[in-house]
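Presented below is the structure to which this report refers.
The values are calculated or read from the model by the stated rules, or taken from the named source; none is laboratory data. Just so we're clear, the structure is a prediction, and the values are computed from it rather than from any experiment. Ideal geometry is used to build each Cβ from the backbone, glycine not excepted, and the neighbour counts take in all protein chains shown. The accessibility values were calculated without ligands, DNA or RNA, using every heavy atom of the protein model including side chains. Shrake-Rupley method; radii C 1.70, N 1.55, O 1.52, S 1.80 Å.
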Amino acid sequence: MDRYAAKGGGVAVSALWRRCAAGIFFTALILATRLPLAPGQLVTFDDVNLAYSIGHFDIRISQPQPPGYPLFVLQMRILAFLRFRRVENMLLALAIAGSIVALLLLMGAGNRIMGKQSGFYAALLLALNPVFWHSGIASALRIQLAIASLAVAAACWRAWQGDRFWVSRSAIVLGLAAGIRPEIGPLLFPLWAVSAHRARAKWEDVRFALGAMAFTVLLWLAPAMWASGGPAGYVKACLLYLNDQASVTSGLFGSTHPYATFWRLVVWTLAILPGCIFAAMVAWRSSTGWGIGRSRAGFLALWFVPPFAIACFVHLEDPGQALSMIVVVALLGGYLLQQAVDRLSQSVSRWHALWLTVAALGEAWIIDRHDAAFIVIWTPLLTLGLGALLIFGAGQKRASVPPLAATLFLLTPPVILNLTMFNHAGWYYRGPGWFGAMLEDLNSGLALTSLDHIKRTLAIDDHAIRDIKRLSANREDSVLVIWEHGLATWRKLAYYAPQLPIAVLEHRYIRAGSPPIIAMWRGSHRAPSPSGSAAAVVRAAPGTRIIWLLNPQTEFYAIAQQALQPHAAGSVLYTDLPQTDGSRQLGEYELVW
């Protein structure tokens, strides 16, 4: 960059050209890696909630689920106004556009925060990261977590550097980011507060910034509350939802498997770093370490630690929820890559060619094993050994490596690891003791961010929906679908077959000990159902065809098999009730006709 300093406007033109070229490159990369894998249908329960919220927003009936994401729903409504006919196309467009914007934001903000081209290298690392890739196909909403986190950090960094003008601007950005994902507000507020303090803003400026932040929040929060029954109804729905969801993932809220959350969080947030081990060792200098500096280290810590702590101790269930932290790790990895490229570009020893040849042969042998776990474990160890060897003889300088060649070599380990983690089918391990449980949790974290997970989810739901439509053809008035922990998502069935009544057998809350209830659904409409202390009752007319959406691994599946001997029909079961009155007890529930 320095050699262009004397050329005035030429510098700006060159920088603009590089940004345009990077934008074209990342756009092509996202289109090439996302479009061929586009699902063509809604993938998750949450996607259906978002689809329903286009017509009617109310978090009390999960349209969408709390806390609401009003600015994301607004984006969907804008696309509907622009004549996007299918919700599937809206979400795909937002996922692709969001992925591109996130990479460009990371490049711009990262270059500014960490210097040189750190942001560009960080975007390269993030593009094929399993969580980012998975969410870019299956969860347009989660992708915008990365956008919100990066936008807030980019604005706060200007204030962190002492620009008081950005104290109020960053406050407005934080308020808007919370409208995409409300928890972003409180989690990144410490970063904003410390940035404002470092800017030495006057109290009058801070008050104005806080007022601007509050006003920005009210722009999306007030309509969301109004549509959800007012402030009391909105807050109650959010608290109930948080408490219920956290009971599955957090030991503080009663979860019996809190360590699973921790190990999955480790996999999801830190999967970038094993591929950067070689870059980290090359970039290390005995005198200055990695040269990050206290100021930048403090900024990264405030950006990363609060969301990580809440995810660890309160709630994190979906891998995409970690994207606000993953961008920080990607930026750190990008910085290490930039430092390593600089070092290799300056000088290499006479031993480097030998060690790089050994590394290439070693990686070829590792990949030849065709064992994904072997690749994921041994590739970082190989790069660790290579880094140690390169330190040997570091003072015997002979030549330099072209920056492009150094970049391609340094990117090879993370690309190999990312492709392996994302494309491997069958991440699974179960072993004895705590070590086996830890490996199972690590493997399940990888499984939930894989392409195989998307394909399996789509296949299960698609087969079940097709089988149910076939079984219910020409007899919609005498069909009832009963779901109890079924592998297929009942919410998707309600969306794609809105004419079918669905009895969802569940409990009032997810946590153990809550009473059984039956939720009767037809499309997006829920009818009140009876429940009691002894049993909840499902009522059907004599001769009704019951179609069962069940999980063969549950106790209820065995109870239904014994009580009614249902017939198999593809991926589902069905029972044709007698024409005479009767009843069957099904555990906590009762079927009466």
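Relative to the dominant Cα principal axis of the chain, helix 203-227 is inclined by about 30°.
Computed from backbone phi, the HN-Hα couplings of the stretch 570-578 come to x, 8, 10, 10, 8, 9, 8, 5, x Hz, rounded to whole numbers (Karplus: 6.51 cos²θ - 1.76 cosθ + 1.60, θ = phi - 60°; Gly and Pro given as x). Dipole of the chain computed with +1 at Lys/Arg Cβ and -1 at Asp/Glu Cβ about the Cα centre; of 586, 73, 59, farthest Cα towards the positive end is 73.
Averaged over its residues, the stretch 179-258 has an accessible area of 55 Å² per residue, based on protein heavy atoms and a 1.4 Å probe. Summarising the strand pairing of the stretch 458-593, around 60 percent of its internal DSSP beta bridges are antiparallel. A simple spin-label model places pseudo-atoms 7 Å from Cα toward Cβ; at residue 346 and residue 439 they are separated by 4.2 nm.
Contour minus end-to-end for residue 169 and residue 569, with contour as 0.36 nm per residue of separation and end-to-end as the Cα-Cα distance? If you can, show how the numbers build up before the last one.
Details: separation 400, 0.36 × 400 = 144.00 nm, distance 5.92 nm.
Value of the extension gain: 138.1 nm.
Selection among 367, 246, 260 by position relative to the dipole of the chain gives 367 as farthest towards the positive end (Cβ unit charges, Cα centre). Note on residue 147: accessible area approximately 30 square angstrom, rounded to 10, probe 1.4 Å, nucleic acids and ligands left out. Ligands, DNA and RNA left out, the 1.4 Å accessible surface of the stretch 16-152 is 68% carbon and sulfur atoms.
Rounded if a/c is under 1.5, else prolate if a/b is larger than b/c, else oblate: which is the stretch 155-286, with a ≥ b ≥ c the root eigenvalues of its Cα gyration tensor? Intermediate results must be reported in sequence, preceding the final value.
Details: a/c = 2.77, a/b = 1.06, b/c = 2.62.
Cα axes put the stretch 155-286 in the oblate bin.
This structure gives semi-axes √(5λ) of the Cα gyration tensor in Å, computed directly, and of [x] 48, 30, 21; [y] 72, 30, 19; [z] 44, 41, 25 that value is listed as [x].
Of the whole protein surface, residue 261 contributes about 10 Å² of accessible area at a 1.4 Å probe radius. Residue separation of residue 290 and residue 32 scaled by 0.36 nm, minus their Cα-Cα distance, works out to 89.4 nm of gained length. Using only side-chain charges placed at the Cβ, +1 for Lys and Arg and -1 for Asp and Glu, the dipole size of the stretch 55-131 relative to its Cα centre rounds to 160 debye. Other residues lying with their Cβ under 10 Å from the Cβ of residue 574 contribute a combined charge of -1, Lys and Arg counting +1, Asp and Glu -1.
Determine the share of the stretch 223-381's accessible area contributed by carbon and sulfur atoms, expressed in whole percent, with a 1.4 angstrom probe. Intermediate results must be reported in sequence, preceding the final value.
Details: 5140 of 7320 Å².
Here it works out to 70 percent.
Applying 1/(1 + (r/R0)^6) with r as the Cβ-Cβ distance of residue 470 and residue 317 and R0 = 25 angstrom yields a FRET efficiency of 0.15.
Where does helix 70-81 land angle-wise versus the long Cα axis of the chain, in degrees 0 to 90, nearest 10? The answer is roughly 80 degrees. Taking every C-alpha pair closer than 8 Å and separated by at least 6 residues, the mean separation divided by the residue count of the chain gives a relative contact order of 12 percent.
Shown in residue order for the stretch 166-173 are the 3J(HN,Hα) couplings computed by the Karplus curve 6.51 cos²θ - 1.76 cosθ + 1.60 at θ = phi - 60°: 8, 5, 6, 5, 5, 5, 5, 4 Hz (x for Gly and Pro).
Relative contact order for the stretch 149-281: 19 percent, from Cα pairs under 8 Å spaced at least 6 residues apart, divided by residue count. In terms of packing, defined here as the mean over residues of other Cβ atoms within 10 angstrom, the peptides 179-185, 295-301 line up highest first as 179-185, 295-301.
If R0 is taken as 30 Å, the Cβ-Cβ distance between residue 428 and residue 235 corresponds to a FRET efficiency of 0.15.
Remark on residue 589: its backbone amide H falls under 5 Å from those of 536, a criterion applied only to residues 5 or more positions apart or on other chains, H modelled at 1.01 Å from N. Residue-wise HN-Hα couplings along the stretch 442-449, as the Karplus relation 6.51 cos²θ - 1.76 cosθ + 1.60 with θ = phi - 60° gives them from phi, are 5, 5, 5, x, 5, 4, 6, 10 Hz; Gly and Pro carry x. For the chain, the longest principal axis of the Cα atoms and the long axis of helix 184-198 meet at an angle of about 30 degrees.
Close amide H partners of residue 507, meaning residues 5 or more places away or on another chain with modelled amide H under 5 Å apart, are 517.
Lys/Arg Cβ at +1, Asp/Glu Cβ at -1, dipole of the chain taken about the Cα centre: which of 174, 307, 382 is farthest positive-ward? Most positive-ward Cα: 174.
For the stretch 440-593, carbon and sulfur atoms together expose 51% of the accessible surface, with a 1.4 angstrom probe and every protein chain in place. Taking every protein chain into account, the 1.4 Å probe leaves residue 197 with about 140 Å² of accessible area, to the nearest ten.
If you count only protein heavy atoms with a 1.4 Å probe, what accessible area per residue comes out for the stretch 97-171, rounded to a whole Å²? Each step should come with its number before you reach the end.
On the way: 1840 Å² over 75 residues.
Per residue, the stretch 97-171 has an accessible area of 25 Å².
One decimal place: the segment residue 81-residue 60 gains 5.1 nm when fully extended, by the rule 0.36 nm per residue minus the C-alpha distance. Ranked from largest to smallest solvent-accessible area, with a 1.4 Å probe on the protein heavy atoms, 58, 371 come out as 371, 58.
The amide H of residue 576, built 1.01 Å from its N in the peptide plane, has 546 as neighbours under 5 Å, considering only residues 5 or more places off or on other chains.
Note down the magnitude of the dipole of the stretch 66-224 about its Cα centre, charges +1 on Lys and Arg C-beta and -1 on Asp and Glu C-beta and zero elsewhere, to the nearest 20 debye. It would help to have the intermediate numbers written out before the result.
Numbers: 15 positive and 5 negative charges, 42 e Å.
Rounded to the nearest 20 debye, it is 200 debye.
Please give me the summed charge of the neighbours of residue 322: other residues whose Cβ is under 11 Å from its Cβ, Lys and Arg +1, Asp and Glu -1. Don't skip to the end; give the middle numbers.
Values: positive: 142, 264; negative: 317, 318.
Surrounding charge for residue 322 is 0.
Let me have the relative contact order for the stretch 80-235, percent, based on Cα pairs under 8 Å that are six or more residues apart.
Numbers: 180 pairs, mean separation 28.7, N = 156.
Reported relative contact order: 18 percent.
For the chain, a simple Cβ point-charge model (Lys and Arg +1, Asp and Glu -1, everything else neutral) yields a dipole of about 2160 debye relative to the Cα centre.
Looking at the chain only, what percent of DSSP beta bridges run antiparallel? Nearest 5 please. In the chain, approximately 65 percent of DSSP beta bridges are antiparallel ones.
Distance between the pseudo-spin-label points of residue 579 and residue 354 (7 Å out from Cα toward the beta carbon): 9.1 nm. Under 10 Å from the Cβ of residue 139, count the other residues' Cβ atoms, weight Lys and Arg +1, Asp and Glu -1, and hand me the total. After counting each charged neighbour, the total is -2. When the Cα gyration tensor is reduced to axis lengths a ≥ b ≥ c, the ratio a/c is 1.5 or higher for the stretch 96-163, and with a/b not above b/c it is classed as oblate.
Could the peptides 17-25, 279-287 be put in order, highest first, of the mean number of other beta-carbon atoms found within 10 Å of their residues?
On the way: 17-25: 12.9, 279-287: 17.4.
Highest mean packing first, the order is 279-287, 17-25.
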